[in-house]
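Peer 1: Sharing a structure, written as structure tokens. Questions coming.
A short reminder: the numbers here are calculations on the coordinates, not readings from a lab. Bear in mind the structure is a predicted one, so any value in this text is a computation, not a measurement. Backbone-built Cβ (ideal geometry, glycine too); neighbour counts: all protein chains shown.
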Amino acid sequence: MKNSTAKETPLPSITLDDVGGLPKEMKEEILQTLEIIKDPDRSDKLGIKAPKGILLYGPPGTGKTLLAQAIAHEIGASFFSSSGSAFTELFVGVGASRVRSLFENARKQAPAVIFIDEVDALAGKRKAHGGEETEKTLTELLVQLDGGHSNDRILFIAATNRKDMLDDAFLRPGRIDFSFHVPLPDTQGRKEIIDIHVKGKSLSPEVAASLNMLAESTSGFSGAEISSLFESASRKAVREGRDVIGKEDLDYAIDRTILGSTSRSLKDP
Ligand code: ATP
């Protein structure tokens, strides 16, 4: 595509079933929102406007990008993804023109989801951010969000770890209609995520029998860390010529993950 700051995926293959650990009410609210988007005529008749923007906020690695891809999949939309930092340029006008071309490209491919990760870099509070260029880029984003129609089949999804940094004008309903907190998973959520990531992997009977315990003992782990546990364990098994993931591979991967994180330690179940 022309806009070099954004990646386009025709239709992500990720579904909502690939996203584990979402709080039940949140999943229901998302499904209801998707129903409105999928059937705009019916929603129109009922006087419900399709949402234009959704914000996903929460700690790193909790599946916000994955969820945005799943939403695009569920509504059959192309997926345009970019990062807020791709719009922060020193040259006045460059960021704004990138925002414009991102929306123009997406409109040509509608239905489309425009996903911007780390949106705080682009839509941070204006006073804190300062700078003419940043101001212009945010103003262009607001113009684009206001310019679309509820039936132009463009859904804007933004993600951040720092919702408190976002400009109030950006968060206004009509621009961001729903905000969903994507938290670190609880024990049951971690079990769901473990089940997703062991699919298609061969586990030793000992490892297969210890997955509930693993969910209990990985308090504080994000979905991304759980995913990397199994990737790292698989790689170790392959390196050492085993064709199943054994306890030693998983223990090694857990130790590496904990060493990589200064903020917590593994809890006894
Ligand atoms: P960041 O805030 O750092 O951008 P994020 O919240 O967008 O992170 P993702 O990029 O979606 O997190 O997650 C990275 C990878 O971790 C995913 O591709 C997936 O493999 C795994 N993962 C994270 N969260 C989940 C989850 N809830 N369910 C299943 N897998 C997950």
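Peer 1: Taking Cα pairs under 8 Å and at least six residues apart, what relative contact order does the chain come out at, in percent?
Peer 2: 23 percent
Peer 1: What value, in deg cm²/dmol to 500, does the helix sum -39500 (n - 2.57) over DSSP H runs of n ≥ 4 give at 222 nm once divided by the residues of the chain?
Peer 2: -14000 deg cm²/dmol
Peer 1: Next question, about the same structure. Can you give the relative contact order of the range 36-174 as a percent, counting alpha carbon pairs under 8 Å and 6+ residues apart?
Peer 2: Contact order relative to length: 34 percent.
Peer 1: Taking the alpha carbon gyration tensor of the range 1-127, what are the square roots of 5 times its eigenvalues, largest first, to the nearest whole Å?
Peer 2: 26, 18, 15
Peer 1: Measuring from centroid to centroid over Cα atoms, what is the spacing of the range 153-179 and the range 25-88 in Å?
Peer 2: 11 Å
Peer 1: Order by neighbour count: Leu229, Leu31, fewest other Cβ atoms within 10 Å first, most last.
Peer 2: Leu31, Leu229
Peer 1: In addition: Taking amide H positions as placed in the peptide plane 1.01 Å from N, state which residues far from Ser78 in sequence (5 or more) or on other chains have amide H under 5 Å from it.
Peer 2: Amide H to amide H, under 5 Å and 5 or more residues apart or across chains, Ser78 pairs with Ala112, Val113.
Peer 1: Which trypsin sites (Lys or Arg not before Pro) does the range 112-213 hold that lie in a coil by DSSP with at most 16 other beta carbons within 10 Å?
Peer 2: Lys125, Arg162, Lys199, Lys201
Peer 1: Still on this structure: Starting from the Cα gyration tensor of the chain, multiply each eigenvalue by 5, take the square root, and state the resulting semi-axes largest first in whole Å.
Peer 2: 37, 21, 17
Peer 1: As a test of the definition: which semi-axes, in Å, follow for the range 131-180 when you take the square root of five times each eigenvalue of its alpha carbon gyration tensor? Largest first, please.
Peer 2: Semi-axis lengths for the range 131-180 are 19, 16, 9 Å.
Peer 1: Related question: With a ≥ b ≥ c taken as the square roots of the eigenvalues of the C-alpha gyration tensor of the range 160-199, please select rounded if a/c is under 1.5 and otherwise prolate if a/b is larger than b/c or oblate if it is not?
Peer 2: It comes out prolate by the Cα gyration axes.
Peer 1: Based on alpha-carbon atoms only, what is the radius of gyration of the range 117-209 relative to the globular estimate 2.2 N^0.38 Å?
Peer 2: It is 1.59.
Peer 1: Counting DSSP beta bridges in the chain, what percent are antiparallel, to the nearest 5?
Peer 2: In the chain, DSSP labels about 15 percent of beta bridges as antiparallel.
Peer 1: Defining a contact as two alpha carbons under 8 Å apart and six or more residues distant in sequence, what relative contact order in percent does the range 126-254 show?
Peer 2: RCO, the range 126-254: 21 percent.
Peer 1: Further question: Have a look at the range 72-127 and give its Rg and Dmax from the Cα atoms, expressed in angstrom.
Peer 2: Here Rg and the maximum Cα pair distance are 12.5, 38 Å.
Peer 1: Suppose every Lys and Arg Cβ carries +1 and every Asp and Glu Cβ carries -1, with no other charges. What dipole size does the chain come out with about its Cα centre, to the nearest 20 debye?
Peer 2: 440 debye
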